[in-house]
Amino acid sequence: MFRRKKNNQPRLVYASYGVDTEQVLNILRDIPISVHCWQGDDVTGFDQPQSLSGGIQATGNYPGKATSYEELMQDIDKAFSLIPGRKKLNLHASYAIFEDREFADRDQIKPVHFKKWVEYAKKRNLGIDFNPTLFSHSMADDNLTLSSPNPEVRQFWINHCKQCIRISEYFAEETGIPCVLNIWIPDGYKNTPADRLGPRARFKESLDEILSIPYDKTKVYVTLESKVFGIGLESYTVGSSEFCLSYAKEKGITPLLDNGHYHPTELVSDKISSLLLFHQNLALHLTHSVRWDSDHVVLLDEETMEIAREIVRSDALNRVFIATDYFDASINRIAAWVLGVRNVQKALLCALLEPSAKLKALQESGNFTKLMVMKEELKTAPFGDIFAEFLRREQVPLDYYKEIETYEREVLMTR
């Protein structure tokens, strides 16, 4: 039942399409969204003093940025208290904590350097996903890591990724929840290269060596993420879509698609159905791309909605790993987290409220007129009331901005 005693209208509207809102809310509650930690401190991390590199920039200087792991955990707690449903914590390797331990460079990091994150996650019943950090480091100054012509540089990053697989297995064993490990490299060139094949061949060899170590594939899902360009890497990236999809298929690992990493006319929503036919699993990093850039706060735009529809229509909620990936230092960072993740959940809710079997039947029968009419009618159906009920059941406020304003005044502005 809905909050207002007589307001059954939203439920009845969807019932007229054959949609059971109770079932939908139960499904939505159990969809895990992996929330990226790096929104809270502008991708700074704790292990290196140098600025961002690898074609990455966080612009803006909004007050209250987290500058320690305690502050970052505090801010994540606040954001999670305003986000309904199941969540995972997504960490980069650069968030290793050395507080009472000797510093270890990235090729030497171990599970012990993430013990505090595991303690944090276990207290909150969270799973942890993980990412090797192949940027913002002296061994990545020329934006070449796993594809570098320097064997010493390549080996450093190979060792780093191997350690990250071991740490991912530790996360899974400690939390009891499988860990998604995502490999992304910034490698590329600002100007048109003289050799495209060589760097990709070296990248392939590096990945082969990384994946040669034994690990429990039921606990760790290794993914590979592509990119079309980066700032300072406009002409060529080694880890292109074609490379990453081909490699993932050959090795039986999971392709990861970030919807900000493609050409302007490419849509990730259109790729999902094809990839699900050839891969057991698929991973997504959701963002809002502003050409030519990505990593903006997720909006409830048509592409976000269409991505969610494709997952639900393909009956692939148990096969697609959904994560957020953006960083905005020009606005309140907690608000950016909450707004973006709620928009992902709203998109999933809209997809779940769609009578997809009826729509598919109309398409198969060639009744495109009725198909268009029904799809347009659904755009004004009262999904917002259903989302409000979801928030109520999860004991999360509908108006979260007031709480964020208070937190900003009492916590962020005192830092």
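Considering (1) among the aromatic types (Phe, Trp, Tyr); (2) buried (at least 20 other Cβ atoms within 10 Å of the Cβ); (3) farther than 24 Å from Leu398 by Cα, the lone condition that Phe368 does not fulfil carries the number (2). In the stretch 258-269, is there at least one residue being over 25 Å from Pro186 (Cα atoms) and either at pLDDT 95 or above or not in a helix (DSSP H, G or I) (or both)? No: zero hits. Within the stretch 107-152, the set of residues being crowded, with 19+ Cβ neighbours inside 10 Å, polar (S, T, N, Q) and in a loop (DSSP other than H, G, I, E, B) comprises Thr133, Ser136, Asn143, Thr145, Ser147, Ser148. Of the residues screened, Asn159 is not one that is out of contact with any helix residue (DSSP H, G or I) (no Cβ under 9 Å at 6 or more places or on another chain) and among the polar types (S, T, N, Q). For the subset of the stretch 309-325 comprising residues that are in contact with a Ser or Thr (Cβ under 6 Å, 6 or more places away or on another chain) and buried (at least 22 other Cβ atoms within 10 Å of the Cβ), which member is nearest to Gly127 (Cα to Cα)? Per the stated criteria, the residue is Ala323.
Of the residues Lys375, Lys402, the single one that is within 23 Å of Glu303 (Cα to Cα) and either surrounded by fewer than 20 Cβ atoms within 10 Å (Cβ to Cβ) or over 28 Å from the mean Cα position of the chain (by Cα) (or both) is Lys375. With the structure loaded, tell me whether Glu225 is on the phi < 0 side of the Ramachandran plot, free of Cβ contacts under 8 Å to residues at least 24 places away in the same chain and in the same structural domain as Leu284 (by TED's automatic domain parsing) or whether it fails that test. Spelling it out, it is not the case that Glu225 is on the phi < 0 side of the Ramachandran plot, free of Cβ contacts under 8 Å to residues at least 24 places away in the same chain and in the same structural domain as Leu284 (by TED's automatic domain parsing). Helices (runs of 4 or more DSSP H) fully within the stretch 315-414 that include at least 3 residues being assigned by TED's automatic domain parsing to the domain that holds Lys219 and at pLDDT below 95: none found.
Among the residues of the stretch 261-294 satisfying the criterion of being among the small types (Gly, Ala, Ser) and crowded, with 21+ Cβ neighbours inside 10 Å, which is nearest to Leu211 (Cα to Cα)? Going through the qualifying residues, I end up with Ala283. Beta carbons closer than 9 Å, at least 6 apart along the sequence or on distinct chains, never pair a first residue in the stretch 10-34 that is not assigned by TED's automatic domain parsing to the domain that holds Lys379 with a second that is modelled with pLDDT under 95 and of a type in the set (Lys, Arg). Would you confirm whether or not the stretch 184-205 contains a residue that is buried (at least 23 other Cβ atoms within 10 Å of the Cβ), in the same structural domain as Val238 (by TED's automatic domain parsing) and assigned to a strand (DSSP E or B)? Yes: the stretch 184-205 contains one or more residues that are buried (at least 23 other Cβ atoms within 10 Å of the Cβ), in the same structural domain as Val238 (by TED's automatic domain parsing) and assigned to a strand (DSSP E or B). I need the full set of residues from the stretch 295-304 which are surrounded by fewer than 21 Cβ atoms within 10 Å (Cβ to Cβ) and under 18 Å from Leu282 (Cβ atoms), in order please. If the condition is that a residue be surrounded by fewer than 21 Cβ atoms within 10 Å (Cβ to Cβ) and under 18 Å from Leu282 (Cβ atoms), then Glu303 is the only one that fits.
Cβ-Cβ distances below 9 Å connect the following pairs, each with a first residue in the stretch 83-96 that is under 17 Å from Pro132 (Cβ atoms), a second residue that is at pLDDT below 95 and aliphatic (A, V, I, L, M), and a separation of six or more residues or different chains: His92/Val43; Ser94/Val43; Ala96/Ala104. Within the stretch 283-314, the set of residues being in a loop (DSSP other than H, G, I, E, B) and of a type in the set (A, V, I, L, M) comprises Val290, Val297, Val298, Leu299, Leu300. Here the condition is being farther than 23 Å from Lys87 by Cβ and within 22 Å of the chain's Cα centre (by Cα); of Ser356, Ser365, Ser330, it holds for Ser330 alone. Quick one: Asp105 ticks every box in (1) within 30 Å of Ile185 (Cβ to Cβ); (2) in contact with a helix residue (DSSP H, G or I) (Cβ under 6 Å, 6 or more places away or on another chain) bar one, so which box is it? Result: Asp105 passes all but (2). Assess whether Ile272 counts as being closer than 13 Å to Leu224 by Cα, touching a residue at least 12 places away in the same chain (Cβ under 8 Å) and hydrophobic (A, V, I, L, M, F, W, C). Judged against the criteria, Ile272 is not a match.
When restricted to residues that are assigned to a strand (DSSP E or B) and among the aliphatic types (A, V, I, L, M), the stretch 8-36 contains 2.
The values are calculated or read from the model by the stated rules, or taken from the named source; none is laboratory data. Predicted model only: the values in this text are computed from it and were never measured. A quick note on method: Cβ atoms are made from the backbone with ideal geometry, for glycine too, and the neighbour counts reach across all protein chains shown.
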